[in-house]
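Written below as structure tokens is the structure these notes are about.
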Amino acid sequence: MSFEGLPKGSGDKKKSFRESIYLWEIVRGLGVTARHLVRNILHTDDMPTMQYPEQKRVYGDRFRGRHRLMKREDGSPRCVACQMCSTYCPADCIEIIGAEHPDPKIEKYPLTFDIDLLRCVYCGLCEEACPCDAIRLDTGIYEIAADHRDKFVVDKDFLLNNDTDGTL
Amino acid sequence: MTIVFDTLAKILFFFVMIMGLVVVLIWMERKGSAFIQDRTGPNRAAIGGVRLAGLVHPVADVLKLLFKEDVTPANRHQALYNLAPWIGMTVAMSTYLVIPFGDFITVAGRQVPLVVADLSVGLLYILAISSLATYGTVMAGWAASNKFSFLGGIRATSQMISYEISMGLALMGLVLVFSSLRLTDIAAGQGDLIWGFLPKWGVVVQPVGFILFIVAVFAETNRNPFDMPEGESEIVAGVHLEYSSMKFALFFMAEYAHMVVGAALITTFYFGGYQIPWLPRPLIEAHAGLILTLELIGLGAVAVMIAMLFFRRVSKEKGKFGDARDREPVLGAGLWVLVAVAAVAGLGLKPWTIGPVGAEMVASLLQILTFVAKVVFFAWLFIWVRWTLPRFRYDQLMYLGWKVWLPLGLANLVVTAVVMAIV
């Protein structure tokens, strides 16, 4: 076949006789697939497929999953509403409204703390920016699902008690 | 009257065989392709927690397609659009009429030949009917009024005129060797031996013709590497594109029915049809008792081996899923133990003392089984090749058809004619 006018490398490679009659190469290809087939029939357990809802992949400790807010010993949020995380957030998904704390030793506390999980890119910069270790991404939850967009915006109460499964 | 019942029974045999094989082939396609690509394949659909290694999925697929909405394009050509899905299925079902699936069977003292219609021009009938399937494809492509469907129809046409000639030429060589157009003669002729040890199968006497024919059959069934009318990576789904629900299911089933036809044709023309090599019918009838005994022992041994595989899973997968699926290994092991017990019970009936009537029956059933086994193997070959090779390009198929297969077929015909004249 002539390939004149086409850029170099578009099928102009000279084939050897054995390649040009296809048959031998086809038989070799059939051998490759047959090897895979027989191996997988005899050793079904060795297949890399995971039966997902029953078996789940185990991720390392440093895996960044869904966020949670840490608590003080008395149960109130550690967050002091300094806005460091929301400032640093590249996806701009954290919205905090701060308020004055009744305890004079604590300057501020978050009145609301909303994270839009659909905007979040799970980069973990909020974790690093936080001066008092109030936000962490260490829940290991990665199955995040809801039946409405609005449900992906999670509030302070949800984040404080964020140790359930993936359903929002 | 009896001939009507005989014919109806034989048609029923083929109908059940095709429909059963279609289900099995869909399963083989999905599971086989999965194993070839290191996946596990379908394993979710279950009846009462029993998944039958994915065999429930074809049933679930058909049920789903039956209940789906039938979406149709607004600018369709109504008559052709509705007719097209039926043509492929009808053609696939008609080709079977002339294929012999055994020598004869003796029922109530009558010898019934195991072929629906023993046409003297059977081979011409097959060539004429099987090409009609392209009309279904072309009609579907035209009637849907969609440019991708239309391109698929064009491809089907050009593909058909490229492979048909070499297919006919390949078969002409076979006709020269067996000097008959009757398929029963061709199948019977392949029971002989050449030089006393080589079975006179079509593939032995016509190796080039066999290669030409098998490639042409791949092109005719629109299977990879020649599935250009579908070409899902280039023209979406080609002719299937505007079809949904049961109309799509008809195309889908017709493809598999065509595969069964193709496999049956390859078997009949080139792999001895129902013939077992080195075991002609008189020999089977003379030693029917011995063969039956050996078969029962073999069946029992295989059943025990499969049952043991299941027993191994019983302990290993205890409580793996925590639901009804855990019963699977126990049920599987029980089923195969039952088969083994049935085989042993069959031995208890003393099969080695079988009479002449039973011997004839054993020979007939053995031939039918051989035919079905060969058909299943070649149908598997279609699937195997599909998951091995990439698709040929549209112009490459025409290049092959006109510039390679046609001269090769002519040369094969001439050489065969000269050899036949000398011998």
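Quick look at the values:
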{"item": "In segment A:18-74, the residues that are aliphatic (A, V, I, L, M), assigned to a loop (DSSP other than H, G, I, E, B) and within 26 Å of A:I115 (Cβ to Cβ)", "result": "A:V58, A:M70"}
{"item": "Enumeration of residues in segment B:386-399 that are in contact with a helix residue (DSSP H, G or I) (Cβ under 7 Å, 6 or more places away or on another chain) and at the interface with chain A (Cβ under 9 Å from one of its Cβ atoms)", "result": "B:W387, B:T388, B:L389"}
{"item": "Residue in segment A:102-112 that is within 22 Å of the chain's Cα centre (by Cα) and without any contact (Cβ under 8 Å) to a residue 60 or more places away in the chain present", "result": "no"}
{"item": "Qualifying residues in segment A:43-67 (those that are hydrophobic (A, V, I, L, M, F, W, C) and facing another protein chain (nearest Cβ under 10 Å)) - the one surrounded by the most Cβ atoms within 10 Å (Cβ to Cβ)", "result": "A:M47"}
{"item": "Any hit, segment A:68-76, residues being under 18 Å from A:G124 (Cα atoms), under 34 Å from the mean Cα position of the chain (by Cα), surrounded by fewer than 15 Cβ atoms within 10 Å (Cβ to Cβ) and at pLDDT 85 or above", "result": "no"}
{"item": "Helices (runs of 4 or more DSSP H) contained entirely in segment B:1-102, each with at least 3 residues that are under 30 Å from B:L124 (Cα atoms) and touching a helix residue (DSSP H, G or I) at 6+ places or on another chain (Cβ under 8 Å)", "result": "B:2-36, B:78-95"}
{"item": "Selection status of A:T112, touching a Lys or Arg at 6+ places or on another chain (Cβ under 7 Å) and under 30 Å from B:D323 (Cα atoms)", "result": "no"}
{"item": "Checklist (1) away from chain A (no Cβ under 14 Å); (2) crowded, with 16+ Cβ neighbours inside 10 Å; (3) in contact (Cβ under 8 Å) with a residue 60 or more places away in the chain; (4) more than 16 Å from the chain's Cα centre (by Cα) applied to B:T7, failing item", "result": "(2)"}
{"item": "Residue identified as away from chain A (no Cβ under 14 Å), surrounded by 20 or more Cβ atoms within 10 Å (Cβ to Cβ), β-branched (V, I, T) and in contact (Cβ under 8 Å) with a residue 12 or more places away in the chain among B:V59, B:V71, B:V91, B:V24", "result": "B:V91"}
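The values are calculated or read from the model by the stated rules, or taken from the named source; none is laboratory data. Remember, it's a predicted structure, so these values are computed and weren't measured experimentally. Neighbour counts run over all protein chains shown; Cβ positions are idealised from the backbone, glycine included.
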